[in-house]
Amino acid sequence: MIVCVCNNISDREIRQAADLGLTSMGDLRRDLGVGTCCGKCVSCARQVLHDHIESTTVAATELSFRREPAGA
Ligand code: FES
């Protein structure tokens, strides 16, 4: 789905950017241009970014709890 129509940025591209370390709307604005034209995409882009960061953090936390202790 295209999130930022003005700059043709999709939700997938926002998630990929988050995987590369972008963590804020300022990062998306600087690196992808999200929200730099009409600004109508900002709340949706922020939601996509934060949902993805949260889901990857939860997944990483679950993995860390599933790891066997050293020497087990
Ligand atoms: S839709 Fe993103 S700046 Fe216009």
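Structural remarks
- Residues (touching a Lys or Arg at 6+ places or on another chain (Cβ under 9 Å) and closer than 15 Å to Cys4 by Cα) located in region 15-33: Met25, Leu28
- Positions within region 21-38 being out of contact with any Cys (no Cβ under 6 Å at 6 or more places or on another chain) and among the hydrophobic types (A, V, I, L, M, F, W, C), in sequence order: Leu22, Met25, Leu28, Leu32
- Taking the chain as the region of interest, the helices (runs of 4 or more DSSP H) fully inside it that hold 3 or more residues being within 16 Å of the ligand (Cβ to nearest atom) and exposed (fewer than 13 other Cβ atoms within 10 Å of the Cβ) are 25-32.
- Residue check for Thr23: of a type in the set (Val, Ile, Thr) and over 8 Å from the mean Cα position of the chain (by Cα): no
Values quoted throughout were computed directly from the atomic coordinates according to the rules given, and no laboratory measurement underlies them. What you see is a predicted model; the values in this text were computed from it and never measured. Using ideal geometry, Cβ is built from the backbone for each residue, glycine included, and neighbour counts are taken over all protein chains shown.
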